[in-house]
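As structure tokens, the structure follows; a few thoughts come after it.
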Amino acid sequence: MTLSATVNGALRNVRAWPLYGIAATYAAWEFWRAVNQQGPYLVEPINVLERTYGEIALILLVAGLLVTPLRQWTGVNLIKFRRAIGLCAFFFVLAHFLVFAVLDVQSLGRVWTETVKRPYVTVGMLAFVLLIPLAVTSNNLSIRKMGAAAWRQLHKLSYVAVILGALHYLWLSRGFQVEPLVYLVLSIGLVALRYRHVAWRKQAA
Amino acid sequence: MAYRWKNTLTHADITPKAAYLNRRQILAGAAGLGAIGLVPRAADAQAGLEPNTLEEIRSYNNFYEFGTGKGDPAANAHQLVTAPWSIKVDGMVDRPGDYALGDLLAGLTVEDRIYRFRCVEAWSMVIPWNGIELADILNKVGVQSGARYVAFETVVQPENMIGVQRRVLDFPYVEGLRLDEAMHPLTIMATGIYGEPIANQNGAPIRLVVPWKYGFKSIKSIVRITLTDQEPPISWNIANAREYGFYSNVNPNVDHPRWSQASERRIGGGLFAARQDTLMFNGYPEVAPLYDGMDLSVFI
Ligand code: HEM
């Protein structure tokens, strides 16, 4: 038996829904530590919490893009977790945005001025807005109503959102930093892979 | 030089917080500020100066030689070797040389200075420094008449500095002041905080503190001081000229291109801390005459 078959077999009875619980618990735990100024939250909990949620959101968005290539390359099939990964990513973006609006800039007026004045916020906001219709339609009913093809087309917006999210991170960094570049290269690479794949398939057909 | 401060105060009237605050008000008065309206505001701002805890001051830092995360300096700066320490003094000075730190500071008086510290990233602290007026040090080495700027350089110990290995900036970190800024009595070289030797992550064994400028101007762990007649290059300006100017005075009316400078978050208020308004010159209006006739939205 191959490794991928073993992994797939082991995952056969694992459900996706606990991921929501894990994500919510994790978010709440980080919030709790921030309230109590524990660990990394000792001195400046607001910015650290903002960054923690932002980073998790980006990691989950990239993870969502990894599901398909992982199956193609290794045969490991995580497709049944993808919706949960994507939705959790959205919840972390939402939490990230709420920390920004409520705890950081502390006014809706400033959310607006920052969004129009600061390109890195503009880009983050765009990514956030693009993710909203995806989150709203991440359920079986929507897929049925929209039809699989249209649904798949809509959810390609996630490609744009991930790249914008990574660009947002790069843009807000000061000095030369490797991490945001890694995310940007990863997200562009993973999206490019899909289109290369499509082109390759067309050629073969 | 168009304008030069004269420090009329002796080192007799030093230390305790209250005494020092009075001193600052005397200074403000002595400066003969035309803008009298600014003086009470400075006094008001002074009244609320509750220093941050040593733990806060030591655990939330920017010191990119030790990494870009705010906790990285606290985690990594123990690798900095601070003894022996010498400072090269060169350029347009009467007595250039490689000074052992103790020799350079010998005979000069360490004072307590409780200053607001405003980071360009829009957070701030209040820090009780112990330091020596830079003017005293410069007078000791003898500034030559043609000198107009002071350049500073931070130590580079590549094997001990992860940020240097990763080339986060073009190291060594360099900074500079106009000579009149450097000679201003508010400008100090700090060797301690809360009466304790300054921690490595805070810039041991000696750093600049210029309280009316964004924090990155207050260069850490200094190994070289150069007097020159040219405006010296500064690291953040080299990295990004559009965002960081030579002057970098705290100015709520001039935003950083990527974020607003109108308000700031005082460290220590927890997760639900309200923002507070940023003060012009970080609440030190007595420095305003240094910039008479300059458009501070141009000379950022
Ligand atoms: C898909 C959407 C988004 C993603 C993936 C994302 C991701 C990130 C990441 C990875 C960071 C840096 C974390 C770190 O340093 O470890 C960050 C920081 C930040 N993000 Fe976002 N973000 C998104 C949307 C937004 C939105 C909508 C806003 C505000 C309207 C926003 C505002 C910020 C701010 C203010 C920071 C901190 C900047 C600083 O500390 O200087 N982000 N974000």
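Nothing in this text is a laboratory measurement; each read-out follows from the coordinates by a stated rule. These figures come from a predicted structure and were not determined experimentally. For neighbour counting, all protein chains shown are included, and Cβ atoms are generated from backbone atoms with ideal geometry for every residue, glycine included.
Of all aspartates and glutamates in the structure, the ones whose alpha carbon falls short of 16 Å from that of B:Lys220, not counting any fewer than 8 places away in one chain, are B:Glu65, B:Asp72, B:Glu133, B:Glu153, B:Asp170, B:Glu175. Take the convex hull of the alpha carbons in segment B:73-130; its mean projected area over all directions comes to 6.6 nm².
When peptides B:214-224, A:3-13, B:68-78 are ranked by their average number of other Cβ atoms within 10 Å per residue, the highest-first order is B:214-224, B:68-78, A:3-13.
In terms of other Cβ atoms within 10 Å, A:Val185, B:Val254, A:Val121 run from fewest to most in the order A:Val185, B:Val254, A:Val121.
Over segment B:249-300, Cα pairs under 8 Å with separation of 6+ residues give a relative contact order of 33 percent. Rounded to the nearest 20 debye, the dipole size of segment A:3-204 about its Cα centre is 1080 debye, using +1 on the Cβ of Lys and Arg and -1 on the Cβ of Asp and Glu. Think of it as helices only: each DSSP H run of n ≥ 4 in chain A is worth -39500 (n - 2.57), and spread over all residues that comes to -26500 deg cm²/dmol at 222 nm. In the protein assembly as shown, the alpha-carbon atoms span a convex hull of 179 Å³ per residue. Counted as membrane-span-like here are DSSP H helices of chain A whose alpha-carbon atoms extend 24 Å or more along the helix's own axis and whose Kyte-Doolittle mean is 0.0 or above; these are A:18-35, A:45-74, A:79-98, A:119-136, A:178-204. Values of log10 I(q)/I(0) for segment B:11-298 across q = 0.11, 0.12, 0.15 Å⁻¹ run -0.62, -0.75, -1.26, by the Debye formula with one identical scatterer at each alpha carbon and no solvent.
When you restrict to C-alpha pairs under 8 Å that are six or more residues apart and normalise by the size of chain A, the relative contact order lands at 19 percent.
Could you tell me the center-to-center distance, by alpha carbons, between segment B:120-186 and segment A:92-132 in angstrom? Between the Cα centres of segment B:120-186 and segment A:92-132 lies a distance of 36 Å. Cross-link partners of A:Lys117 among aspartates and glutamates, defined as those whose alpha carbon lies under 17 angstrom from its own and excluding same-chain residues fewer than eight positions apart: A:Asp104, B:Glu121, B:Glu243, B:Asp255. Couplings 3J(HN,Hα) of segment B:93-108, computed from phi: 10, 6, 10, x, x, 8, 9, 5, 3, x, 5, 5, 9, 4, x, 8 Hz, in residue order, whole Hz [Karplus 6.51 cos²θ - 1.76 cosθ + 1.60, θ = phi - 60°; x for Gly and Pro]. Note on the protein assembly as shown: dipole from Cβ charges, positive end direction compared against A:Gly147, B:Leu179, A:Pro18; the farthest Cα belongs to A:Gly147.
Between B:Thr226, B:Gly269, B:Pro128, whose Cα lies farthest towards the positive end of the dipole of segment B:11-298 when Lys and Arg beta carbons carry +1 and Asp and Glu beta carbons carry -1, centred on the Cα centre? Of the options given, the answer is B:Gly269.
Exposure proxy for A:Lys117, A:Lys145: other Cβ atoms within 10 Å of each Cβ, ordered fewest to most, give A:Lys145, A:Lys117. The average projected area of chain A, computed from the convex hull of its Cα atoms over all directions, is 14.6 nm². Averaged over peptide A:105-117, the number of partner chain Cβ atoms lying within 10 Å of each residue's Cβ comes to 2.
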